[in-house]
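Take a look at the structure set out below.
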Amino acid sequence: MTIIIGTRGSELALWQANFTKELLVKQGHEVEIKIIETKGDTSQQWNTSFDKLEGKGFFTKELEEALLAKTIDVAVHSHKDLPTENPDGLIVAGVSSRENPADWLVMNEAAEDNKQKFNLKKGAKVGTSSARRKSQLLAFRPDVEISDLRGNVPTRINKLREGQYDAIILAAAGLERLELDLSDFTVEQLETNEFIPAPAQGVLAWQIREDDYKLADVFDAICDYDVMININIERRILNLLDGGCLLPLGVFCDTEMNDQDRKLFKVWVSCADAWNTQTKQLYYETTNTEDLPEKIVEHLHRIAPKSIFISREAHESNNLNRWLNNLGFNVECKSLIDLKKLTIKDLPKSDWLFFSSKHAVEFFFMQKPDIGTTKIGCIGKSTSQAIRELGLRADFIGQSTDTKLVGKQFSARVGLGKVVFPVARESMRTIQWQFPKQQNVIDLPIYAALKVPHEVAETTDILVFTSPSNAESYLEKNKIHQHQKIIAMGEATEKSLLKAKVKAEQIHKPYSFDDLGLYRAILNTF
């Protein structure tokens, strides 16, 4: 029996069909490929916005009709293009292993600015027709101009090369599969835990007739069931939200083994009502996936405006304030400490400098020290961004909120080298203590935190403490009430609160030391 594969005619679709053909040939099957034009392919030839055309089955309907008519035996799809429910008589018999699920920002060199988020210059014109990509890009970079982008992958690249856009956003999997030459561009790889991919991005779906039992056995032998479990969670969330291509929804599920040797599911979600409205962001970790999509969707629906206090001054560069205000939150921002510069009298010689906060970066470099070729380490994206805004790059960035783990990772990277830590005078030295040779660790106090207590309304729903000093200052004039949820940035802040007899169940910690980590932690309290 010859298996007939149905596919769209684009270069990427043909790559996917030939990839499937090779898998089947290795299993000993005879295979043919048949090209079928879809509405999506036709519409790309006209000057029409995808936001007006996209819907369920936009790139799949004609392939499914061919399956039901028995003119093909299997349809190969990018899984993210498939509707969440199969037409009567069809099933997804298997899925491929997952290629790189991330999005890439591909930009002309003139659009690069390494002082800005995603290394993209202010006011850049960015091409994408994806509601999901638009909503997430504008959340981080409201200054950019979004312009619709049509055509297959090579066509989109050529439009960028011709200067029609400063940058475009494309799926990494497609670019890697086609092995396109991007040497004349700058490519920013967008992290999947920050810029959330579409459900099932990077995965192929093999769709067949539900009564074709022999072919079902064929695809059962090549299906990646670990991937299927993950993307079923992603697509179930899409289904529950009744979303098609128009829904600005990103969902990414990844897994790892935890300390108890159990599979830990990690799910990131970004969802908005429309491409030009504020995204809601959630992060889940669990070993129990029962009703997980239902719980996540219910959580999204529970999010509503509340009153919140954040222990730092409001600043136009803070995404967190803008995001919360866009959702209708009543936000009060006030630092409960006053930072005083301590003059650097002598900068010790070292192989590395390590910064644990934006304040440390600010008070160190305002004194214009000569650091020569000294390498730079830091913790958190906001600290690395502060370093980047000075025209410098961190050689080590600790991403975990577990400061002990970051300390161990950094110590292993440094080896026998010496490190200067520009710190607050009252530093708890969590990272420094992870170095086996303390003689290689030099603390350099560059600022002191003086408490400035302030009364906060008892009716405030959520309290965000950005440091132990801020938490301690708050408690000098205020109590923690039972109805209040608390976000503690880092273990040191959490320990300070626990020491003050705050209930552990009231305290939440962000997944990352940046505005996005705080935003997710706040929304996770609902």
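The values are calculated or read from the model by the stated rules, or taken from the named source; none is laboratory data. Keep in mind that what you see is a predicted model, and the values were worked out from it rather than measured. Note: ideal-geometry Cβ built from the backbone for every residue, glycine included; neighbour counts use all protein chains shown.
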Checklist entry - Does the stretch 143-154 contain any residue that is in contact with a Ser or Thr (Cβ under 7 Å, 6 or more places away or on another chain), of a type in the set (Gly, Ala, Ser) and under 30 Å from Leu63 (Cα atoms)? => result no
Going by the structure shown, is His301 farther than 21 Å from Phe526 by Cα, out of contact with any Leu (no Cβ under 9 Å at 6 or more places or on another chain) and not assigned by TED's automatic domain parsing to the domain that holds Ser382?
no
Within the stretch 458-469, the count of residues that are in contact with a helix residue (DSSP H, G or I) (Cβ under 8 Å, 6 or more places away or on another chain) and without any contact (Cβ under 8 Å) to a residue 60 or more places away in the chain comes to 1
Does Ser512 count as under 17 Å from Phe309 (Cα atoms) and touching a residue at least 40 places away in the same chain (Cβ under 8 Å)? no
task = Answer with yes or no whether Ala124 is without any contact (Cβ under 8 Å) to a residue 60 or more places away in the chain, of a type outside the set (Val, Ile, Thr), surrounded by 20 or more Cβ atoms within 10 Å (Cβ to Cβ) and within 18 Å of Lys159 (Cα to Cα).
result = yes
Scanning the stretch 236-269 residue by residue, the ones that are touching a residue at least 40 places away in the same chain (Cβ under 8 Å) and out of contact with any strand residue (DSSP E or B) (no Cβ under 8 Å at 6 or more places or on another chain) total 6
- prompt: With respect to Lys485, is the statement that it is surrounded by 14 or more Cβ atoms within 10 Å (Cβ to Cβ) and without any contact (Cβ under 8 Å) to a residue 60 or more places away in the chain true?
  reply: yes
Scanning the stretch 414-426 residue by residue, those touching a residue at least 60 places away in the same chain (Cβ under 8 Å) and outside any strand (DSSP E or B) turn out to be Val414, Gly417, Lys418, Arg425
For the stretch 467-488, indicate whether the set of residues that are among the aromatic types (Phe, Trp, Tyr) and over 24 Å from Val361 (Cα atoms) is non-empty.
yes
Exercise. Somewhere in the stretch 417-431, is a residue out of contact with any Asp or Glu (no Cβ under 9 Å at 6 or more places or on another chain) and charged (D, E, K, R)?
Worked result: yes
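One line per residue, one yes/no per condition, for (1) surrounded by 18 or more Cβ atoms within 10 Å (Cβ to Cβ); (2) under 18 Å from the mean Cα position of the chain (by Cα); (3) not assigned by TED's automatic domain parsing to the domain that holds Tyr511:
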site: Leu215; (1), (2), (3): yes, no, yes
site: Asn230; (1), (2), (3): yes, yes, yes
site: Asp242; (1), (2), (3): no, no, yes
site: Gly250; (1), (2), (3): yes, yes, yes
site: Asp259; (1), (2), (3): no, no, yes
site: Lys263; (1), (2), (3): no, no, yes
site: Ala274; (1), (2), (3): no, no, yes
site: Gln278; (1), (2), (3): yes, yes, yes
Scanning the stretch 490-504 residue by residue, those surrounded by 15 or more Cβ atoms within 10 Å (Cβ to Cβ), part of a helix (DSSP H, G or I) and of a type outside the set (S, T, N, Q) turn out to be Glu491, Ala492, Glu494, Lys495, Leu497
In the set Ile487, Ile522, Ile480, the lone residue that is closer than 19 Å to Ser307 by Cα, modelled with pLDDT of 95 or more, part of a helix (DSSP H, G or I) and touching a strand residue (DSSP E or B) at 6+ places or on another chain (Cβ under 9 Å) is Ile522
In the set Glu472, Glu476, Glu455, the lone residue that is in contact with a Lys or Arg (Cβ under 9 Å, 6 or more places away or on another chain) and free of Cβ contacts under 8 Å to residues at least 24 places away in the same chain is Glu455
| request: Return yes or no: is Ser335 small (Gly, Ala, Ser) and more than 23 Å from the chain's Cα centre (by Cα)? | output: yes
Checked Pro422, Pro445, Pro468 against criteria (of a type outside the set (D, E, K, R), buried (at least 19 other Cβ atoms within 10 Å of the Cβ) and modelled with pLDDT of 95 or more); the one match is Pro422
For the stretch 427-472, the count of residues that are in a helix (DSSP H, G or I) and under 30 Å from Gln484 (Cα atoms) equals 5
